[in-house]
Amino acid sequence: MAFRFCSLASGSSGNCQYIETEKVRILIDAGMSGKKIQQALELIEVDPKTINYILVTHEHSDHTKGVGILSRRFNLPIYANTNTWESMKKDIGKVKEENILTFKTEEHFEIADLGIEPFGIYHDAIEPVGYCIHYKNSKISLLTDTGCVDENIKKKIGNSDLLLIESNHNIEMVKTGRYPWPLKKRILGDLGHLSNEAAGEIISDVYTDDMKVVLLAHLSQENNFPELAYTTVSNIITESGIDLQKDVKLDMTYRHKPSKVYTL
Ligand SMILES: [Zn+2]
Ligand SMILES: [Zn+2]
């Protein structure tokens, strides 16, 4: 069997990604209510009781809202770095000591047959990470909630079979929108979120023949819409010489429903 991947939900209303292999089933973030996550899993015919671990990217509630609930309900161990644990502990409620697992950012670790590589990103959280998940010869990379990328991040997400990348906003919509200036500054800043344009440029930059699927994620409800994100990103990557008909599949994730299920 191969890797299976599904984005159960993505956006500021909640993030939760699902990865499965022969031996293990994990969630990356659990940023909705326990009930919503269970419903999303059932939609893709996964029994919530069969989940083995939750990995957390950072402490913001759109990534952690359901973490404690699911851990208590299904006795699930949770992985996060120590700083993230410190800052999310008060919000997620009581978790069994044995279910508190830690890793070091930039250090590889293993969960069953998965290789996990957490890498540092740029966001207004204590120690936010993106993840590369390895299984056999395949690799899935998850990069959201970062205001910018550096060479280390590009190196990490290179050679991915599936890349989930943030395409949060249209810069003009943020500038002319109704958000107060401090919030606009936060979104557009180096510790905020990636724009559609930035996503397009990063994908073009890191594209290799290995890349089969690119998913656009964490779209803003206020400052973006799916057609705009898709068109902007596809124009930029097509201009860089990538053929969306045959080189790579560009797809969307959704705020309130699961994406397609991808087998790699
Ligand atoms: Zn977020
Ligand atoms: Zn965040």
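Okay, residues lined up against (1) modelled with pLDDT under 95; (2) touching a Leu at 6+ places or on another chain (Cβ under 7 Å); (3) outside any strand (DSSP E or B); (4) more than 20 Å from residue 140 (Cβ to Cβ):
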| residue | (1), (2), (3), (4) |
| --- | --- |
| 198 | no, no, yes, yes |
| 234 | no, yes, yes, yes |
| 238 | no, yes, yes, yes |
| 246 | yes, no, yes, yes |
| 254 | no, no, yes, no |
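Taken together, the residues in region 46-76 that are more than 19 Å from the chain's Cα centre (by Cα) and under 16 Å from residue 19 (Cβ atoms) amount to 5. Scan region 170-177 and tell me whether some residue there is of a type in the set (A, V, I, L, M, F, W, C), touching a Ser or Thr at 6+ places or on another chain (Cβ under 9 Å) and over 26 Å from residue 120 (Cα atoms). Yes.
Mind checking which residues of region 46-61 are away from ligand 1 (no atom under 16 Å from the Cβ) and of a type in the set (Asp, Glu)? Within region 46-61, just 47 meets the criteria. Scanning region 135-174 for residues that are part of a loop (DSSP other than H, G, I, E, B), in contact with an Asp or Glu (Cβ under 6 Å, 6 or more places away or on another chain), within 16 Å of residue 213 (Cβ to Cβ) and not acidic (Asp, Glu) yields 144, 159. Cβ-Cβ distances below 8 Å connect the following pairs, each with a first residue in region 207-228 that is more than 30 Å from residue 134 (Cα to Cα), a second residue that is within 16 Å of ligand 1 (Cβ to nearest atom) and assigned to a strand (DSSP E or B), and a separation of six or more residues or different chains: 223/169; 224/169. When residue 64 is tested against (1) more than 14 Å from ligand 1 (Cβ to nearest atom); (2) within 20 Å of residue 124 (Cα to Cα); (3) of a type in the set (Ser, Thr, Tyr), only condition (1) is not met.
Can you confirm whether region 47-65 contains a residue that is within 23 Å of residue 112 (Cα to Cα), away from ligand 2 (no atom under 14 Å from the Cβ) and acidic (Asp, Glu)? Within region 47-65 (the criterion being within 23 Å of residue 112 (Cα to Cα), away from ligand 2 (no atom under 14 Å from the Cβ) and acidic (Asp, Glu)), the answer is yes, since at least one residue qualifies. Picking from residues in region 138-167 that are within 14 Å of residue 128 (Cβ to Cβ) and out of contact with any Gly (no Cβ under 8 Å at 6 or more places or on another chain), the one that is farthest from ligand 2 (Cβ to nearest atom) is 150. For region 17-37, taking the residues that are in contact with a Pro (Cβ under 9 Å, 6 or more places away or on another chain) and farther than 16 Å from residue 161 by Cα, the one that is nearest to ligand 2 (Cβ to nearest atom) is identified as 37.
Looking for whichever is surrounded by fewer than 21 Cβ atoms within 10 Å (Cβ to Cβ) and either under 19 Å from the mean Cα position of the chain (by Cα) or within 16 Å of ligand 1 (Cβ to nearest atom) (or both) here; the options are 42, 117, 97, 86. Which one fits? Within the list 42, 117, 97, 86, the selection yields 117. Among the residues of region 215-231, those identified as within 20 Å of residue 14 (Cα to Cα) and either away from ligand 1 (no atom under 16 Å from the Cβ) or buried (at least 19 other Cβ atoms within 10 Å of the Cβ) (or both) are 215, 216, 217, 218, 219, 220, 223, 224, 225, 226, 229.
A residue that is of a type outside the set (A, V, I, L, M) and over 20 Å from residue 20 (Cα atoms) occurs somewhere in region 110-120. None of 171, 140 is surrounded by fewer than 23 Cβ atoms within 10 Å (Cβ to Cβ) and either touching a residue at least 24 places away in the same chain (Cβ under 8 Å) or polar (S, T, N, Q) (or both) except 171.
The values are calculated or read from the model by the stated rules, or taken from the named source; none is laboratory data. The structure displayed is predicted, hence computed values, not measured ones. Positions of Cβ are backbone-derived with ideal geometry, glycine not excepted, and every protein chain shown enters the neighbour counts.
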